[in-house]
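Below is one structure, written out as structure tokens; the observations come after it.
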Amino acid sequence: MDLDNLKFGLDTFGDTQNDDSGAPISAAATIRNVVEQAVLADQLGLDHFSIGEHHRDDFAISSPDTVLAGIATRTKQITLGTGVTVLSSDDPVRVYQRFATIDALSNGRAEITAGRGSFIESFPLFGYELSDYGALFEEKLELLVEILKENAVTWSGTMRAPLVNQEIYPKTERGSIPLRVGVGGTPESVVRAARLNAKLAIAIIGGDPARFAPFADLYRSSMNEFGHPIRPISIHSPGHIAASQEIAIEELWPHYQVMFGRIGRERGWGQVTKEHFINEVKYGSFYVGTPEQVARKIAYAMKSIGAERFDFKYSNGPMAHSKLMNSIELYATQVVPMVKEILSADRAASSASAR
């Protein structure tokens, strides 16, 4: 872990929001609020802002690239990316073209995170067979990697028409767009990211984050085997920050219950319980509490995995914009400095004990 180059970002899936009275607001209003959240993150000096892609009524953003283009014109320094681009049901050529446009609007701040996605609504929506889930992602990711080299592309596969010495425009001014591959924790996904020389983004949404350390080790060893330089690993995890842990739990739990209760019914998990929620807050990968409590958990997670980037998923259900903005401010102004201090102190203590 390079403590001098730690990065901290925010993730949102564009969860549809309520107003301060608890009444639902429109998807359009939610999208406008997400833009304001990104502007605040930029003003507070955070490093990254990523938006997820969904095609259902409990999430407002189905076209994160478009929202990022709007954010690009309102921000100055923050990196803008997806969390994730559902590549299996998209076209790599169009993905590149959209992000090259964002890169132009932002003066070189675009980033792509490609993944399978945890929902399947996009497959029937765009005319893809769910039975092709694995093959679609594998082929399209390999094509996207070739396109990102910004040279003429010659490629063929089984899931899309071939390209023969095809130039793809517009080219970026910097000559490339950074690529991360989002994984949920399968060895095959980790090795694929290493083989393609992509950065690794690990989604950790439950349990002790240290259980993902073997995947981080596998990524580093695989990068060595493929002859690639070691790239930073990032973590994505959910949470909420407030003045006390009691307030943070009280603010988040009803909205988390709505979101994961619906997902649980759809996927056969059953209803999410508050006992499970509290257990994850105390011992797992929910970063819910005061700035100090959240900072200590983030520092532990980053140290356990050797991650150099942490992306805080600050929206988790239909919480009001005002509470999300407060959580963002606490994360940027208090949590991030504390995490850096904790990890620096740990390094100093380790150096002292080694002497």
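Observations on the structure shown:
- In the stretch 267-293, the residue that is surrounded by the fewest Cβ atoms within 10 Å (Cβ to Cβ) out of those that are within 23 Å of the chain's Cα centre (by Cα) and acidic (Asp, Glu) is 292.
- Candidates in the stretch 224-246 are the residues that are touching a strand residue (DSSP E or B) at 6+ places or on another chain (Cβ under 9 Å) and among the aliphatic types (A, V, I, L, M); of these, the one that is surrounded by the fewest Cβ atoms within 10 Å (Cβ to Cβ) is 242.
- Figure legend. Inter-residue proximity from the stretch 117-136: first residues under 11 Å from residue 54 (Cα atoms), second residues assigned to a helix (DSSP H, G or I) and among the hydrophobic types (A, V, I, L, M, F, W, C), beta-carbon distance below 9 Å, spacing 6+ or different chains. Indicated pairs: 117/87; 118/263; 119/263; 120/130.
- For the stretch 158-169, a tally of residues being more than 28 Å from the chain's Cα centre (by Cα) and in a loop (DSSP other than H, G, I, E, B) returns 4.
- Per the listing 39, 34, the residue uniquely part of a helix (DSSP H, G or I) and surrounded by 23 or more Cβ atoms within 10 Å (Cβ to Cβ) is 34.
- Residue 313, sole failed condition from (1) crowded, with 17+ Cβ neighbours inside 10 Å; (2) touching a helix residue (DSSP H, G or I) at 6+ places or on another chain (Cβ under 7 Å); (3) within 16 Å of residue 240 (Cβ to Cβ): (2)
- Failed condition for residue 180, given (1) among the charged types (D, E, K, R); (2) outside any helix (DSSP H, G or I); (3) more than 16 Å from the chain's Cα centre (by Cα): (3)
- Among the residues of the stretch 45-72, the one identified as part of a loop (DSSP other than H, G, I, E, B), over 15 Å from the mean Cα position of the chain (by Cα) and within 28 Å of residue 5 (Cβ to Cβ) is 45.
- Residue 333 fulfils the conditions (1) part of a helix (DSSP H, G or I); (2) surrounded by 19 or more Cβ atoms within 10 Å (Cβ to Cβ) except for a single criterion, (2).
- Selection from the stretch 192-218 of residues that are assigned to a helix (DSSP H, G or I) and crowded, with 18+ Cβ neighbours inside 10 Å: 192, 193, 194, 209, 212, 215, 216
- Residue match in the stretch 234-247 (condition: assigned to a loop (DSSP other than H, G, I, E, B) and modelled with pLDDT under 95): no
- Qualifying residue in the stretch 93-100 (condition: among the polar types (S, T, N, Q), in a helix (DSSP H, G or I) and closer than 28 Å to residue 318 by Cβ): no
- Test result for residue 221, in a helix (DSSP H, G or I), small (Gly, Ala, Ser) and surrounded by fewer than 15 Cβ atoms within 10 Å (Cβ to Cβ): yes
The values are calculated or read from the model by the stated rules, or taken from the named source; none is laboratory data. Values in this document were obtained by computation on a predicted structure and should not be read as measured data. Because the Cβ atoms are built from the backbone with ideal geometry, glycine has one as well, and the counts that use them run over all protein chains shown.
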